[in-house]
Amino acid sequence: MEAKKPSGDFGVLIERRTRQAGDRPLITWYDDALGQRIELSWKTFENWVAKTANLLAGELGLEPGDRVATMLDGHWQGPVVLAACWTAGVSVVPAGAGVDGEAAAALLATAGCAACFVHEDLLTLVPERFGAGQPPPALVAVTADLLGRGTVDLGRALPFARLVPGMPDEFDAGDDHLAAEALLVPGAEAGPWTQAELLEAAADLGGRLGVGDADRLQSGLDLDSPAGLLAGLVLPLLRGAGVVLERRGDTAATWRRLAEERVALAALSRDQVQALLAAGPPAGDLDLGRLRALVCPREAGGDEVGEAGEGAPGVPVEVGEGAAPGVPILVTAFAPEKFRHRSGDAET
């Protein structure tokens, strides 16, 4: 499937895809530790994004070009926060996972983040991550409780789930933000990504993997990581595909989900792929007929899944047969050069 250049920024893309998909599920989120399953249709997602963008611009006073740090720890509202930032022309600094702690702290001390969206479980990390003596950013806490009641003392943090429902349902994004900064990766060698660059990277990945709007994707990668953000949010938004997101999923549950959610492609870490293959599908009648491939980012020195070969960044390399007949295991370095970290050659 040929990759296409983006024809509009994230706000335009979400509006266009919502008109096409309507009530069709976009995000299905699972937290096995809490026993939660939450589903957002395209319409509901668009509404949450508009309200959150109004929260950014109205309640927090953010403007296009400002930066927001995210420490969301796999929360289901994470995709909403990220998409709202881009709709409002605000850049995201993912600081919650998959990066060197010292590098993240150093960056956040100089990145000038005006706000931080943080999972309630990570609130105590915010002062450390932003550096001593820096003016405190506006804090917004996402909580496990759907009404925004924290399981810990939220302190000065604003409760996201209480504020968002009262925000307007429509957001005026103003100018096109396709050339605006969208992502600043802690520890990355290269500078920020624009919205256009993120969408082009997703278009390349989607074209190589043949992702269409009838597909269901599944991601076990953290949205606070660049690879997880690309595979678990940007690609589904661009291609109009539904996505299943897991937080704290176990191997047996992941196998069942691949079948029950009729997943076509699953983006997983190398460890998750290895665990799935080692355990095999649980006993029972699981229909994996829609599953075309498991894919994972290539990791430094990591070829335990199979012989990775020398594919160029973004090129899937078949490395063996999966547990289900006809399902290949693919390793793909789908995070391009800008996602390399100074600490080594790993591509997140």
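The values are calculated or read from the model by the stated rules, or taken from the named source; none is laboratory data. All values reported here derive from a predicted model rather than from experimental measurement. Quick reminder, even Gly has a Cβ in these numbers, built from the backbone with ideal geometry, and neighbours come from all protein chains shown. Just so you know, the surface numbers come from the protein's heavy atoms only, side chains and all, with ligands and any DNA or RNA stripped out. Shrake-Rupley method; radii C 1.70, N 1.55, O 1.52, S 1.80 Å.
Figures for the structure shown
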quantity	calculated
Solvent exposure, largest accessible area first (probe 1.4 Å, DNA, RNA and ligands not counted), of T52, T194	T194, T52
Region 1-91 - percent of accessible surface contributed by carbon and sulfur, probe 1.4 Å	44
Which of W48, W76 is most accessible, then next, and so on - probe 1.4 Å	W48, W76
Protein accessible area in region 150-262, 1.4 Å probe - carbon and sulfur %	46
Whether region 6-83 is rounded, prolate or oblate, judged on the alpha carbon gyration tensor where a/c under 1.5 counts as rounded	oblate
Amide H within-cut-off set for F171, under 5 Å, with H built and near neighbours excluded	none
HN-Hα J in Hz across region 73-81 - Karplus 6.51, -1.76, 1.60, θ = phi - 60°, x for Gly and Pro	6, x, 5, 5, 7, x, x, 5, 4
Whole-number accessible area per residue in Å² for region 176-278, which is evaluated in the context of all protein chains at 1.4 Å	29
For region 39-47, 3J(HN,Hα) per residue [Karplus equation, 6.51 cos²θ - 1.76 cosθ + 1.60, θ = phi - 60°, Hz, x = Gly/Pro]	10, 10, 6, 4, 5, 5, 4, 4, 5
Cα pair distances in region 139-296, grouped into 5 Å bins until the bin that holds the longest one, percent each	1, 8, 13, 15, 15, 17, 14, 10, 5, 1, 0
Summed residue charge, Cβ within 13 Å of V263's Cβ, Lys/Arg positive, Asp/Glu negative	+1
Under 5 Å, built H, 5+ apart or other chain: amide partners of S41	L26
